[in-house]
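A short reminder: the numbers here are calculations on the coordinates, not readings from a lab. Computed from a predicted model, the values in this text were never measured in an experiment. Note that we place each Cβ from the backbone using ideal geometry, even for glycine, and neighbour counts take in every protein chain shown.
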2 protein chains.
Amino acid sequence: MFKSVRFSAALHYFKPFSTVTTSTNRAIVYARNGDPADVLRVVDYPTLPPPEPHTVNVRFLLSPINPADVNVVEGIYPVKAESVTNLSSTQEKPIFVGGNEGLAEVVKTGDGVAGLHEGDWVVMTRQQAGTWCSERNVQMEDVLKIPKKQGLTEAEAATITVNPPTAYNMLHEFVSLRPGDWLVQNGANSAVGQAVIQIAASEGIKTLNFVRNRDDFGALREYLLELGASDVMTYDDLSDKSKVECIRAMTTGNIRLGLNCVGGRETAVMARLLGEDSHLVSYGAMSKQPLSLSSSLFIFRNITAHGFWQSRWYRDRPRDEKETMMHKMAQLISGKKLAAPAHEIVTISTRESCEQTTNKVNSIFTQLSGGRYGKKILLKFRS
Amino acid sequence: MFKSVRFSAALHYFKPFSTVTTSTNRAIVYARNGDPADVLRVVDYPTLPPPEPHTVNVRFLLSPINPADVNVVEGIYPVKAESVTNLSSTQEKPIFVGGNEGLAEVVKTGDGVAGLHEGDWVVMTRQQAGTWCSERNVQMEDVLKIPKKQGLTEAEAATITVNPPTAYNMLHEFVSLRPGDWLVQNGANSAVGQAVIQIAASEGIKTLNFVRNRDDFGALREYLLELGASDVMTYDDLSDKSKVECIRAMTTGNIRLGLNCVGGRETAVMARLLGEDSHLVSYGAMSKQPLSLSSSLFIFRNITAHGFWQSRWYRDRPRDEKETMMHKMAQLISGKKLAAPAHEIVTISTRESCEQTTNKVNSIFTQLSGGRYGKKILLKFRS
């Protein structure tokens with residue numbers, strides 16, 4: 001099931017749990033699938049050798065932790081990370097490097113690499129590239145350049161490949177919305193949800209946004225309204241007939257697109273708001289409950305249910321389309337129409353021992369699994 | 001909510017529960033929504049007066065009872081029957097005539113009616129036309145002629161407008177299947193299911209058919225295989241890993257279309273057989289359970305879920321498209337590629353009292369609601 005590839009010749013020298021730091025590089029790896037808080041550990045490895053022809057050595061500047069990354073480590077994601085083999089004479093099993101998304105800087109280019117130079121910023125277009133590390137050697141066709149002249153911050157560039165295109169594609173691939181049209185979404189405070197709000201607002205599309213009820217709902221509501229949300233409500237509001245009446249009056253019963261990253265009951269009640277001939281697009285299942293909808297929504301209201309997976313999009317689309325998408329996203333960001341998600345930078349430093357940073361990483365994932373991190377975490381590997 | 005129309009001037013003389021039969025016409029009617037076995041009753045009414053201009057008097061030859069007709073009487077169907085008012089001086093409430101589908105013979109045409117003559121066969125294209133009666137006066141644009149030279153039997157022509165086009169459209173509107181491609185369906189012994197098997201077989205498309213387990217499963221399986229089914233199984237078989245392996249081997253994991261009239265668990269397990277990029281089309285919910293599918297089917301396997309409703313098709317399509325469809329269906333039938341569903345003709349005769357026939361009708365619907373009728377019932381009103 002797992003494809004096996006060479007990480008880099010230099011990774012022969014992976015030294016799990018070394019207490020004496022002789023290497024300048026670090027990676028967050030796992031040898032088997034499981035709860036990230038249990039199976040992830042931080043290891044050292046030395047600086048990479050010069051790149052082979054048509055490959056590039058890159059140093060990661062910021063590497064996000066996205067929800068799907070957790071599923072990959074758990075082994076329940078349909079795309080597996082590629083394992084790194086031949087790490088050392090003592091290594092018994094393949095090792096996987098975590099992380100799918102990241103902003104990296106070109107350190108050195110191999111022969112035959114055109115259009116990339118030392119210091120250039122690049123993002124990964126190959127899925128499960130293993131971005132939770134200091135340095136990697138990558139194929140030139142697996143990265144896309146992000147021109148620095150576009151003026152993006154590191155955090156903006158590091159989070160550009162997954163969530164913004166997911167939001168953009170879901171807004172455009174299923175139904176042609178015009179200014180004034182409505183969409184409804186759940187999990188609206190997710191990174192994708194925030195991108196949906198902003199991109200929709202930039203096109204004059206109105207968004208009705210649902211989140212779980214919480215102590216600081218007022219503050220979250222204000223935050224999403226400032227991003228451009230037309231309204232923000234909780235799932236509880238959908239049990240209140242008068243509020244549902246208000247929604248119908250406000251949207252004139254013409255919600256043409258629904259976006260779902262939750263599943264379960266929250267989606268069933270939200271789907272009832274959808275108008276005739278509308279589309280419901282699922283891109284996540286945070287409740288871990290199935291998507292359960294009345295058949296009458298399909299038969300009599302002619303609703304169509306789709307899934308969207310940005311990884312499939314990267315797999316199936318030609319390189320020029322990916323470049324165009326990155327350009328569009330960068331324009332939205334530099335035009336102040338799309339902000340990086342609220343985030344926190346966590347440093348993985350070689351000044352601490354591997355055990356210390358392993359504990360730090362495990363603690364992050366314990367908090368993530370409890371849903372207690374309101375912000376996106378961006379990992380910064382520092383020598 | 002209910003639109004109110006005049007049935008016919010002659011219906012002023014509706015005489016509910018008359019024991020002396022002075023009228024030559026009968027109708028199965030209801031005054032309020034509810035369980036058909038409770039609310040339906042048979043009433044007499046006299047022969048129609050001559051038709052107004054642009055209208056036609058027709059006499060029904062055979063009028064099917066379809067599953068949706070039950071939902072209309074129950075009041076849970078999104079299209080309501082039009083009520084008949086001004087029936088008699090004693091009538092307090094609007095009365096509805098049951099039935100949506102039927103074959104009728106033209107008795108008399110009004111002025112300005114072109115292309116229809118006495119003795120011609122017609123079917124209804126207006127939904128909820130109220131076909132469970134002896135005679136009606138209808139608008140000329142609400143009927144389509146079925147040329148007798150096509151050689152259809154009464155039963156074939158009476159069942160041509162609902163189930164065969166439903167099957168045909170579901171086979172063609174969502175995915176382009178080629179000979180050798182597979183589809184899977186549940187409720188495969190339904191009238192639509194049987195039509196799907198036959199139309200698919202006529203195009204070289206393979207069908208994997210699921211039905212509930214039952215004592216006479218062997219006989220039902222043989223019957224469906226003779227219609228052209230590639231294979232017939234029970235939902236229980238989907239719990240058997242080795243049988244699922246067999247299915248995957250047989251279909252080479254490439255089932256591109258799923259048809260669902262059941263909902264609930266039976267559909268969830270069937271949907272797992274669907275291949276990447278396939279389509280699941282729902283047209284019924286016999287289990288009365290919601291359609292509950294793992295989000296991963298949508299996101300990672302890129303399955304799209306649609307609904308299909310033949311009534312919408314009739315509402316939205318131009319007359320020439322409806323004529324073409326009827327012609328196609330008649331060709332399939334006269335070419336022996338599509339048979340009328342297994343059926344039983346039940347006579348509603350004026351030789352029996354209204355009470356007797358009311359009891360007969362109620363008994364039929366009691367059996368239908370228990371799912372104990374294996375055959376489609378065609379009502380024959382006889383003077």
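In the protein assembly as shown, a dipole from Cβ-located charges (positive for Lys and Arg, negative for Asp and Glu) runs towards its positive end, and of A:Ile247, B:Val97, A:Thr366 it is A:Thr366 whose Cα lies farthest in that direction.
In terms of the Cα gyration tensor, with a ≥ b ≥ c the square roots of its eigenvalues, is region A:141-242 rounded because a/c is under 1.5, prolate because a/b exceeds b/c, or oblate? Spell out each step's value before the answer.
Numbers: a/c = 2.36, a/b = 1.68, b/c = 1.40.
Taking the square roots of the gyration eigenvalues as a ≥ b ≥ c, region A:141-242 is prolate.
Amide H contacts of A:Leu259 (H built 1.01 Å from N, in plane; Pro and chain starts excluded): A:Val184, A:Gln185, A:Asn186, A:Val281 sit under 5 Å, all sequence-distant by 5 or more or on other chains. Taking 20 Å as the straight-line reach from the Cα of B:Lys148, the lysines in range (excluding those fewer than 8 positions away in the same chain) are B:Lys108, B:Lys322, B:Lys328, B:Lys336, B:Lys337, B:Lys380. Backbone amide hydrogens, once placed in the peptide plane, bring A:Leu379 within less than 5 Å of A:Ser63, A:Ile65, A:Val346, excluding anything fewer than 5 places away on its chain. For region A:162-311, what is the relative contact order in percent, using Cα pairs closer than 8 Å and at least 6 residues apart in sequence? Relative contact order here is 22 percent.
Position A:Ser334: other-copy label points at 6.9 nm, ordered by increasing distance, label point 7 Å along Cα→C-beta.
With its label point defined 7 Å out from Cα along the Cα-to-Cβ axis, B:Arg317 lies at 3.5 nm from the matching points of the other copies, in increasing order. Over the Cα atoms of the protein assembly as shown, the radius of gyration divided by the Kirkwood radius equals 1.08; this is the Rg/Rh ratio. Highest mobility in the GNM of chain A, judged by mean-square fluctuation with C-alpha springs under 10 Å and restricted to A:Ala68, A:Ala191, A:Ala167, is found for A:Ala68. Comparing B:Val262, B:Val175, B:Val106 in a Gaussian network model of chain B (Cα springs below 10 Å), the most mobile by mean-square fluctuation is B:Val175.
Sorted ascending by nearby beta carbons within 10 Å, beginning with the fewest, B:Cys133, B:Cys354 become B:Cys354, B:Cys133.
Among A:Met250, A:Met124, A:Met170, the largest mean-square fluctuation in a Gaussian network model of chain A (Cα springs under 10 Å) belongs to A:Met250. The ranking of B:Arg41, B:Arg272 from fewest to most other beta carbons within 10 Å of each one's beta carbon is B:Arg272, B:Arg41. When B:Ser353 is represented by a point 7 angstrom out along its Cα-to-C-beta vector, the spacings to that point in the other copies are 9.9 nm, nearest first.
Summed over all non-identical Cα pairs, the Kirkwood treatment of region A:162-311 gives a radius of 15.1 Å. Each residue of region B:273-344 gets 183 Å³ once the volume of the Cα convex hull is shared out per residue.
Quick one: net charge around B:Leu378, please, counting Lys, Arg +1 and Asp, Glu -1 for every other residue with C-beta under 13 Å from its C-beta.
Details: positive: B:Lys375, B:Lys376, B:Lys380, B:Arg382; negative: B:Asp69, B:Glu101, B:Glu154, B:Glu156, B:Glu344.
Local net charge: -1.
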